[in-house]
1. Quickly run through region A:289-323 and pick out the residues that are at pLDDT below 80 and exposed (fewer than 15 other Cβ atoms within 10 Å of the Cβ).
2. It is to be established whether one or more residues within region A:185-193 are modelled with pLDDT under 85, on the phi > 0 side of the Ramachandran plot and out of contact with any Asp or Glu (no Cβ under 6 Å at 6 or more places or on another chain).
3. From the list B:Ile401, B:Ile415, which one is at pLDDT 85 or above, more than 24 Å from C:Ala122 (Cβ to Cβ), open to solvent by less than 30 Å² (accessible area, probe 1.4 Å) and within 11 Å of chain C (Cβ to nearest Cβ)?
4. Report, by residue number, each residue of region A:84-112 that is of a type in the set (Val, Ile, Thr), assigned to a helix (DSSP H, G or I) and open to solvent by 10 Å² or more (accessible area, probe 1.4 Å).
5. Of the residues B:Gly264, B:Gly293, B:Gly268, B:Gly260, only one is crowded, with 24+ Cβ neighbours inside 10 Å and either aromatic (Phe, Trp, Tyr) or at pLDDT below 85 (or both); which?
6. Based on what the data block shows, is B:Leu151 open to solvent by 10 Å² or more (accessible area, probe 1.4 Å), modelled with pLDDT of 85 or more and away from chain A (no Cβ under 12 Å)?
7. Evaluate the following for A:Leu218: is it farther than 30 Å from A:Ala306 by Cβ, within 13 Å of chain B (Cβ to nearest Cβ) and touching a Cys at 6+ places or on another chain (Cβ under 7 Å)?
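The values are calculated or read from the model by the stated rules, or taken from the named source; none is laboratory data. Not measured: the values here are computed from a predicted model. Note: ideal-geometry Cβ built from the backbone for every residue, glycine included; neighbour counts use all protein chains shown. For accessibility, only protein heavy atoms count, side chains too; no ligands or nucleic acids. Shrake-Rupley method; radii C 1.70, N 1.55, O 1.52, S 1.80 Å.
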Amino acid sequence: MKRNRSFIFLIMAGVFSLSLVSANGVKAEFPERPITLINPQAPGGANDALARPFAAVAEKYLGKPVVVVNKPGASGMIGNIAGAQAAPDGYTLTIGSTLMTIVMDWEVINGRKPEVYRNDYVSIGVLSVIPTVLSVPYGSSWKTLADAVREIKGKPSQYTFCSAGLLSPTHLGSERFVRAYGLKCRHVPYKGGGPALTALVGGHADFTTQFSLTSIPLARGNKLRILAVQAPARIKSIPDVPTFKETGMKVENGMWLGLVAPKNTPAPVVEKLREVTAKVTKDPTYVEAIRDLGEEVRSMDGNELAKYWDQESEEISKLLTQFAKEGLKINP
Amino acid sequence: MDAFIDLYNGFQNALTLHNIYLCFLGCLWGSMVGVLPGIGPLAGITLLIPATYGLDVTGAIIMLAGIYYGAMYGGSTTSILMNIPGESASVVTCLDGYRMTQKGRAGAALFIAAFGSWVGGTLSVLGVMLLAPVLANLATKFGPTEIFALLLVAFLLLGSLGTGSFLKTSAMVILGMLAGTVGMDTLTGVYRFTHGMRDLYDGLGFVPVAMGMFGIGEILSATEQSMVREVYRPRLRELLTNWEEFRASIGPILRGSGIGFFIGLLPGAAHILSSFVSYTVEKRLAKRPEEFGHGRIEGVAGPETANNAATGGAMVPFLSLGIPTTPAIAVIMVALLIHGVRPGPLFISENPKLFWSLIASMYLGNLILVALNLPLIGLFVSLLRVPFRILFPVVLFICLIGTYSINYSSFDLIILLGFGFLGYFFRKLEYDLAPFVLALIIGPLMEEAFRQSLMRSGGSPSIFWQSPIALGFFLIAGVLLGLNIMRGLKSGGRGEKEASSVGS
Amino acid sequence: MTKERFGSLFLLLVGGYALIHSLRLPLGNWNQPGPGVFPLILSLLLSAIGVALLVSSKGGNPFNWKDSLSRQNKTWAIMGLTAGFIVGFNRLGFVFTSGLYLFLLFFWICRFRVQIAAVLAAGITGAGWYLFVKILNLQLPPGLWRV
C-alpha cells in the first residue's frame, strides 16, 4: 500500500513537472519552438517534394526544426482550413498553391461561401512555379502540336485526354488547350498524376497535360512524347520542345507552390518568415535539392505572391465560370 | 548472366558496414511501425526523411526501402495476436491467424508469417531484378478496362470469404460496397452520402473501418464475457510450426509469392488484393475449405507471403517507369528527388550502382527481418500472457493514437469507434466481417474502372471486348461464376457452417 | 424478434436509406452511368436480400432483450468513454485525455483499485508519450499544458 502511494506520487510529480517545463514562457526570439508546416495534400506529391527540402534548409536559418505535417482531404480544404484557423503566431504555416485557388474559387463561383478564402491568409513567399506540358503516348502518330490539333479537329469527340482529377491544375491545362483551339474531346479523370501518366504511357488516353517534373523523365525514357510546354519560355532540360506561344496560341498553365500563414500573424513574425523563405530559395543546398524542378524555380516574396495570387484567382475564376455554365456539375 | 554480375557488384556496395547498419535501422524501424496498428510504412518513411538528408543517396534509399518492406513483416503481428489489422494488407491474416492464436498456435502462425514473408520478399526481389523492364510494360497495358475485368474476378472471389450463408455474405459484400461509395465521386465531383460533412469527402478510410470492425469490435465483444480469459502458456515446441503445418504451407507460400508479385505490379490501390486473392485461392484449392476461417495455417502462409511479394512488385513500376503506385513509394520517390536522383525509365541505366545496391540490400533486408522477427515470436506470444483486463485498454489506446496519426483527424477516430460498434453488432448477428471490409475497397475501384472505360469509349460498351487481357479475365470470371452457381445449387443456398464457433 | 429478423431489418433500413439518397444523385444515362447508378443498384440488391432473409428466417431463438442489455453494460461504457476520449482529445491534449481515459477504463471497467488504476494509466500514458511524441515525432494535440 505505502509503496503504491509513493509511486503514484512520483509519477504525478513527474507529469506535473513536465508540463511546467514547457509552460515556461521566457520571451525569446521567434521561433522558440518547432514550426509546423501543414501540407494539405497526401504525402509524396509535388508539395512534399518542395516542402521537405525547404523544411530541412529553413531549420538552418530559423534555428528550430520545421516539421511537415500532411493533412490531406477534401481536395486540400481540410488542410487549408486547419492552416487558416491555426493560432496566428507564426508557428503553423500552410503550403499554399494553385490547388487552393481552384478549390476556393470554385465554391465562390457556385454561389457558396468557402469556409476560408485568400484573405484569410497572409502570403509569405513562393518556392516554385511548376508548368504543365502536353504529352502523347510514345507510339502516337502525332509528332507535333500541329498534328494533334489537326487530328482532333478532324474527328471531334473521338479523342480522350486523361487528367489527375477533376479541377486539378493538370485538368485545367488540358481544358485551356482545347478551349483555345476550339476542340472537342472526351475527358477521363484519374486519381492523381501517377495513374494518369500510367494510363497515357499504356496508350489508354490520347493526350494529357501533366507537370513538367513528372513528364520529363518519362519523355527521356521514351515512354511518351512532349509536344509543347504551357509556360512563357522553353524548359531548359527539354530545349527542343516549343512553347504553346511559339506554335500558335498563348496557352499557359502551371502551379505555384509557396507558404502562407494565418491572416493575423504579427508583422515582425511575417517579416522574419519572409526573410527566411527568401534566403532558403537562394541557398545552394536547397537549389541543388530541387534542381530537377529546376528550370522554373521562380521565387517570389510575400508581396509579389499576394499580387500574383489575386491575378491567378481572377484568371482561373473566368475558366471555372465557363465550366460551371457548361455544366461541369461538381458538387451540385 | 549480366544481371548476376551486376548483383555481385551491388552486394559489394551494399555490404559496407555503413549500409548494413542503415539497412538494419530501416528494417527495425519498419517492423516497429508495422506492428503498431494504424501507423504504417507511410508514416514511418515520412518521419525518417529528414534523417536521410545527411546521408548519401545509396544509404538513404536502402534505409527507406527497409522501412517499407519491414513494415509488411510487422503488420501481421497484431492481426494474428489480437485480431487487429496493423494495416490494410493484414486484414485477411486476421481471419485464420487469430483463430490459430485462440487455439494456442500463435507461435506457429507468427513463425509461418515471418517465414512466408521472407520467401515472398526474396522471390519478389528476384523478380524485380530479372524482370523489371518487361513487367513494367505489362503493367502499363492495364488500363481501366483491364482493371475492371481483374476486379470483377476479385469481386466474385469475395463470396469465398464467407463462412456463413450465401445470402448473409452477399449482404455484407453489398454493404461494404455501399460504404465504399461514401465520399466524392472522382469522375464527376459529386458527393455521395456525405451530408455536407467535409471529413467524409474522401470516403470512410480503410484503416479506421478495418481496425474498428475487427479490433475494436473484438474488444467490445470480448469484454461482454468475463474479464478473465484463458491464457495460453505455450511451450517452446509450440512456438514453431509442426512438420505437418510446415509442409502444408509450402504450396501457399509459393503461390502467394507469384500472386502477390503480380498484383503488386498493377497500377492502382489494389495491393491489398494480393493477400486477399491468395487467401481465396488457397481456400478454393484446399481439400476442406470449410475449415478456413477457423485456423488453417494456409490461411496465414499464403496471404502473408503475398503481401510481402506485393511490395517487391510495387517497386517495379517505380524503378522502371518512375511512377509510384503506393503512397509509401511516392514518399520514397520524394526522398530520391531531394537527393538529386530522378526516378524514371532511365533510372536503372543512369544509376546502375544505386539500383543494384538497392536490390542487394533488399535481399539483405529480408534476411535481417526474418532474423529479427523470429526470436521476437517468443516475446510476442508472451504478450498474450498479459491479463486481458490490462491488455485491452492499452490496445484501445494504441489503436486510437495510431488511427489519429494517419490523417491527424479526430473524425477518423469517430469512424473507428462507429465501426467498432458495427463490428460488435455484426458479430452478434453472425455476419462475416471480412467480405465487408474487402468489398469496401473493391467496390469503388470496380465502379471507377467501369465508368472510366465507358468515358473513354464515349459510352460504347464495345471497349470491353476489344481488349485481349480484359477478355481473358472475363473468361476467368465466367468460370468462377459458373462454379459459384453450381456450388450454390448443390448446397441449397446454405453455408459451410458445420462445427464452427459462433461469429467469426 | 430473433437475431435473424433483427439483421434483416437492419439491412432493409440501410437499403432504404441508400435508395432514397442515390435517387437524388445524378443518374446519367445508359451509356454513361452517373454517380447515382451504382449505389442505386446496390441498395435495391440489399433490400432484396433483406426481404429474402426476413422471409426465410422462420423460427430461431427469440431475443432476450433484458438479458442481453444487462450484459452489455460494459460495452456501452467502453464506447461512452472512448467517445469522451475523442471529444476531449483535441481540446485537452494528448497526455491529459489519454491519462484520464486509461484511468477510467482501468478503474471503472476493469475494476482495479484506484491506486493501481492510476499507476497503470500514468505509466502507459507516459510510455505512449515517449513512443509517439518523442520517438515517432507525431504531432499530437498539445492541449492545455502544451506537452
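1. A:Arg291
2. Scanning region A:185-193 turns up at least one residue that is modelled with pLDDT under 85, on the phi > 0 side of the Ramachandran plot and out of contact with any Asp or Glu (no Cβ under 6 Å at 6 or more places or on another chain).
3. Every option except B:Ile415 fails the conditions.
4. Of everything in region A:84-112, those that are of a type in the set (Val, Ile, Thr), assigned to a helix (DSSP H, G or I) and open to solvent by 10 Å² or more (accessible area, probe 1.4 Å) turn out to be A:Val103, A:Val108, A:Ile109.
5. Checking each option against the conditions leaves just B:Gly293.
6. no
7. No, not satisfied.
Quick grid of which residues meet (1) assigned to a helix (DSSP H, G or I); (2) among the hydrophobic types (A, V, I, L, M, F, W, C):
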{"position": "B:Asn13", "(1), (2)": "yes, no"}
{"position": "B:Phe24", "(1), (2)": "yes, yes"}
{"position": "B:Thr46", "(1), (2)": "yes, no"}
{"position": "B:Gly54", "(1), (2)": "no, no"}
{"position": "B:Tyr68", "(1), (2)": "yes, no"}
{"position": "B:Thr93", "(1), (2)": "yes, no"}
